[in-house]
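Data first, discussion second: the structure below is written as structure tokens.
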Amino acid sequence: MVINVKNEIGGFDYAGSRDSGVKIREALKTNLEKGDKVTLDFVGMTGVSHSFADEIVGILVRAYGVDIIKNKLMLNNATAEIKSLLNLVIRESRKISA
């Protein structure tokens, strides 16, 4: 499954709110629980906020552990800044869930 982040947040190029990530997190959760691989496509996105990143990956890491993210979640077209922030949130969430 491929989730186009920009389309899911209403066509904006920056995802700044936790609320905008809820639908994406729910789709991720549903597919990851089934064992499916999911690709988040950030095409056209200039950035995301810490709260958005926490909503889409942090909550899942705290609930299921980091392995499900490492093994089943792929990123396409993410800028270096987006990747860096997602990795930061994953590291923070690992500490909380440990």
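What follows is calculated from the coordinates using simple rules that are stated; it is not laboratory data. Note that the structure is a prediction, hence the values are computed from the model and not measured. Counting neighbours? That spans all protein chains shown, and the Cβs are built from the backbone with ideal geometry, glycine included.
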Practice task
Please sort by residue number the trypsin sites (Lys or Arg not before Pro) in the stretch 1-62 whose DSSP state is loop and whose Cβ has at most 13 other Cβ atoms within 10 Å.
Solution key: Lys34, Lys37
Fill in the blank from the handout: Per the rule of 0.36 nm per residue minus the C-alpha distance, extending Leu75 to His50 adds in nm 7.3 nm
Exercise for the section: Give a residue-ordered list of calculated ³J(HN,Hα) values for the stretch 40-45 (Karplus: 6.51 cos²θ - 1.76 cosθ + 1.60, θ = phi - 60°; whole Hz; x for Gly, Pro). Expected result: 8, 9, 9, 4, x, 8
Practice task
Quick one: compute the contact order of the chain, relative version, from alpha carbon pairs under 8 angstrom and 6+ residues apart, as a percent.
Solution key: 32
Handout entry: Ellipsoid semi-axes in whole angstrom, largest first, where each is sqrt(5λ) of the Cα gyration tensor of the chain
Key = 19, 15, 12
Practice task
Could you tell me which of the pairs Lys6/Lys72; Lys29/Lys95; Lys34/Lys70; Lys6/Lys83; Lys34/Lys95; Lys29/Lys70 are separated by over 18 angstrom between their Cα atoms in the structure shown?
Solution key: Lys6/Lys72; Lys29/Lys95; Lys34/Lys95
Completion exercise
With a Förster distance of 22 angstrom and the Cβ-Cβ distance between Ser84 and Val22, calculated FRET efficiency to the nearest 0.05 equals 0.45
